[in-house]
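Engineer: One structure is given below, represented as structure tokens, and several questions about it will come after.
Readers should treat all values here as calculations from the given coordinates under stated rules, not as data from a laboratory. Being a predicted model, the structure only gives us computed values, none of them experimental. Here the Cβ is made from the backbone with ideal geometry for all residues, glycine too, and neighbour counts use every protein chain on show.
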Amino acid sequence: MIENRQTPRKVLRVKTNFAIDGAHPMVVRSMDVGANGMALSCPVQIPAGANCFVAFEMFFNGKTYAVSSRAKVMYCIYSSHDGFKVGLQFQNIDLQSSSAIARYMEA
């Protein structure tokens, strides 16, 4: 697969609230995060282009940071041991969430 990311990613494995527009929310696991997006491990296939919402907490430097954002599904590929790997691009992420991710990337 060709690397299309515009910014680096850092491993982040936390429970993530994930809701595709018009569907029931679910709890999934994050795989990594960066300034512009993140990857999730999801038990069901999600169509590319779907709009969604993600929310999760990161703990680093002795403090918990809440992050939430609208996002768009950029890809969804089968991953035999985890179901599907879903790549998300954040859409209009707020300053608090964006700042928390930036601090995590520097930690």
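Engineer: When you go through (1) within 20 Å of Glu106 (Cβ to Cβ); (2) touching a residue at least 12 places away in the same chain (Cβ under 8 Å); (3) of a type outside the set (Ser, Thr, Tyr) one by one for Ala48, which number turns out not to apply?
Structural biologist: Failing condition for Ala48: (1).
Engineer: Another one. Against the condition touching a strand residue (DSSP E or B) at 6+ places or on another chain (Cβ under 7 Å) and under 17 Å from Leu95 (Cβ atoms), how does Arg29 come out, does it pass?
Structural biologist: no
Engineer: Here's a follow-up. Looking only at residues that are touching a residue at least 12 places away in the same chain (Cβ under 8 Å) and aliphatic (A, V, I, L, M) in the range 81-107, which one is farthest from Ile46 (Cα to Cα)?
Structural biologist: Ala107
Engineer: Check Met58 against each of (1) under 18 Å from Ser99 (Cα atoms); (2) touching a Lys or Arg at 6+ places or on another chain (Cβ under 8 Å) and name the one condition it does not meet.
Structural biologist: With (1) under 18 Å from Ser99 (Cα atoms); (2) touching a Lys or Arg at 6+ places or on another chain (Cβ under 8 Å) applied to Met58, the lone miss is (2).
Engineer: I've got another one for you. With the chain as the region, which strands (runs of 3 or more DSSP E) entirely inside it contain at least 3 residues that are within 10 Å of the chain's Cα centre (by Cα) and either surrounded by 12 or more Cβ atoms within 10 Å (Cβ to Cβ) or among the hydrophobic types (A, V, I, L, M, F, W, C) (or both)?
Structural biologist: 15-20, 26-34, 37-42, 51-60, 63-79, 83-91
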